[in-house]
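> After the structure tokens below, expect a handful of questions from me.
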Amino acid sequence: MNRGWFIAVVGPSGVGKDTLMRAMIEARPGLRRVRRVITRPADPAGEGHEPVSEAEFDMRLKDGGFALHWRAHGLRYGVPVGISLDLGLGRDLLVNLSRGVLPEAQARFQPFAVLHLTAAQEVLAARLAMRGREVGEDIAERLTGAAEALPEGVGPVVSLDTDMPVARLARAALRQLQAVRV
Ligand SMILES: Nc1ncnc2c1ncn2[C@@H]1O[C@H](COP(=O)(O)OP(=O)(O)O)[C@@H](O)[C@H]1O
Ligand SMILES: O=P(O)(O)OC[C@H]1O[C@H](OP(=O)(O)OP(=O)(O)O)[C@H](O)[C@@H]1O
């Protein structure tokens, strides 16, 4: 059986990663989203992450519980090591990552592709404000470095500006990813 495809979905906070991943899965039910482990309290309106304390995160890290992990926005994020099982079973996965861990992800998981989402600063600012989870400094912090480039050498990459209706965006993402599949 072919191994499942690791599709890294990256882009700044508020760019629409979660919204697009949901739409892609609706359009292609075989695709799955990976449930991240985050040191953020549960949020019914959010991505459906697994909330853990700092101490629990540390323990899982020490026990080898994460395939990938990083810090951002004063939080810690982990991708559970169990994704290897799913990939081994041929399941294609959408994995919301930090741009900083892309080289490590690419080295570990093949076949691999990056879905890189972008948006103008004013669009990001409006979306973060509309989402309403963060205010003031937390929004400003998320906008700093929002346009950061991808690390050198990662790919293949599909880049999309998310300033369009989500159903159209999902069709474009699926079509363009298929075109770079090796
Ligand atoms: N294509 C889009 N068009 C309009 N609004 C969008 C679009 N994608 C996302 N949004 C809105 O922007 C906000 C942030 O989206 P979200 O998917 O949570 O971003 P991320 O997961 O990248 O942080 C949400 O309020 C969402 O409804
Ligand atoms: O290193 P970067 O590429 O800048 O990415 C850092 C973090 O920002 C994004 O967070 P997310 O959109 O999940 O932020 P949120 O916690 O505001 O939802 C991304 O998923 C990473 O977790």
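The values are calculated or read from the model by the stated rules, or taken from the named source; none is laboratory data. Here the structure is a predicted model, which means the values were calculated and not measured. Don't worry about glycine lacking a Cβ; one is built from the backbone with ideal geometry, like all the others, and counts go over all protein chains shown.
> Count, please, the residues in segment 157-182 that happen to be in a loop (DSSP other than H, G, I, E, B), more than 15 Å from Asp92 (Cβ to Cβ), of a type outside the set (S, T, N, Q) and touching a residue at least 12 places away in the same chain (Cβ under 8 Å). Walk me through how you get there before you give the answer.
Taking segment 157-182 first, the residues in a loop (DSSP other than H, G, I, E, B) are 162-165, 181-182.
Remaining after also requiring more than 15 Å from Asp92 (Cβ to Cβ): 162-165.
Filter again for of a type outside the set (S, T, N, Q), leaving 163-165.
In the following step, the residues that additionally are touching a residue at least 12 places away in the same chain (Cβ under 8 Å) were identified as 163.
Total satisfying the criteria: 1.
> Which number in (1) surrounded by fewer than 18 Cβ atoms within 10 Å (Cβ to Cβ); (2) more than 16 Å from ligand 1 (Cβ to nearest atom); (3) not in a strand (DSSP E or B) marks the one condition that Pro44 misses?
Every condition holds for Pro44 apart from (2).
> Could you count how many residues in segment 24-41 are within 15 Å of Ile7 (Cα to Cα) and either hydroxyl-bearing (Ser, Thr, Tyr) or part of a helix (DSSP H, G or I) (or both)?
Number of matching residues: 2.
> Those residues that are closer than 15 Å to His116 by Cα and within 15 Å of ligand 1 (Cβ to nearest atom), I need them from segment 133-155; list them, please.
Residues of segment 133-155 that are closer than 15 Å to His116 by Cα, as a first pass: 145-155.
Correct list: Gly145, Ala146, Ala147, Glu148.
> Just the residues that are part of a helix (DSSP H, G or I), hydrophobic (A, V, I, L, M, F, W, C) and more than 11 Å from ligand 2 (Cβ to nearest atom), please, taken from segment 126-142. Reasoning before the result, please.
Narrowing segment 126-142 to residues part of a helix (DSSP H, G or I): 126-131, 136-142.
With the extra rule that they be hydrophobic (A, V, I, L, M, F, W, C), the set shrinks to 126, 128-130, 139-140.
Matches in segment 126-142: Ala126, Ala129, Met130, Ala140.
> Could you tell me which residue of segment 49-77 is farthest from ligand 1 (Cβ to nearest atom), considering only residues that are modelled with pLDDT under 95 and at positive phi? Before you say what the answer is, go through the steps one by one.
In the first step, residues of segment 49-77 are kept if they are modelled with pLDDT under 95; the result is 72-74.
Narrowing further to those that are at positive phi: 73-74.
On the way: His73: 10, Gly74: 15 Å.
By that ranking, first place goes to Gly74.
> Examine segment 75-88 for a residue that is more than 21 Å from Ala173 (Cβ to Cβ), of a type in the set (Ser, Thr, Tyr) and within 13 Å of ligand 2 (Cβ to nearest atom), and state whether such a residue exists.
Taking segment 75-88 and keeping what is more than 21 Å from Ala173 (Cβ to Cβ), we get 75-78, 80-82, 84-85, 88.
Of the ones still in play, those that are also of a type in the set (Ser, Thr, Tyr) are 77, 84.
Within this subset, residues satisfying the condition of being within 13 Å of ligand 2 (Cβ to nearest atom) are 77.
Scanning segment 75-88, I find at least one residue that is more than 21 Å from Ala173 (Cβ to Cβ), of a type in the set (Ser, Thr, Tyr) and within 13 Å of ligand 2 (Cβ to nearest atom), so the answer is yes.
> A further question follows. Among the residues of segment 87-109, is any assigned to a helix (DSSP H, G or I), of a type outside the set (S, T, N, Q), under 20 Å from Gly46 (Cβ atoms) and in contact (Cβ under 8 Å) with a residue 40 or more places away in the chain? Lay out the reasoning, then the answer.
Of the residues in segment 87-109, the ones assigned to a helix (DSSP H, G or I) are 87-88, 99-108.
This time we only want the ones that are of a type outside the set (S, T, N, Q), so: 87-88, 99-105, 107-108.
Pick out the ones that are also under 20 Å from Gly46 (Cβ atoms) and you get none.
Looking for residues that are assigned to a helix (DSSP H, G or I), of a type outside the set (S, T, N, Q), under 20 Å from Gly46 (Cβ atoms) and in contact (Cβ under 8 Å) with a residue 40 or more places away in the chain, one finds none in segment 87-109, hence no.
> Scanning for something assigned to a loop (DSSP other than H, G, I, E, B) and in contact with a helix residue (DSSP H, G or I) (Cβ under 8 Å, 6 or more places away or on another chain), does segment 49-61 turn up at least one residue? Lay out the reasoning, then the answer.
Going residue by residue through segment 49-61, those that are assigned to a loop (DSSP other than H, G, I, E, B) are 49, 52-53.
So of that shortlist, the ones also in contact with a helix residue (DSSP H, G or I) (Cβ under 8 Å, 6 or more places away or on another chain) come out as 52.
Within segment 49-61, one or more residues are assigned to a loop (DSSP other than H, G, I, E, B) and in contact with a helix residue (DSSP H, G or I) (Cβ under 8 Å, 6 or more places away or on another chain).
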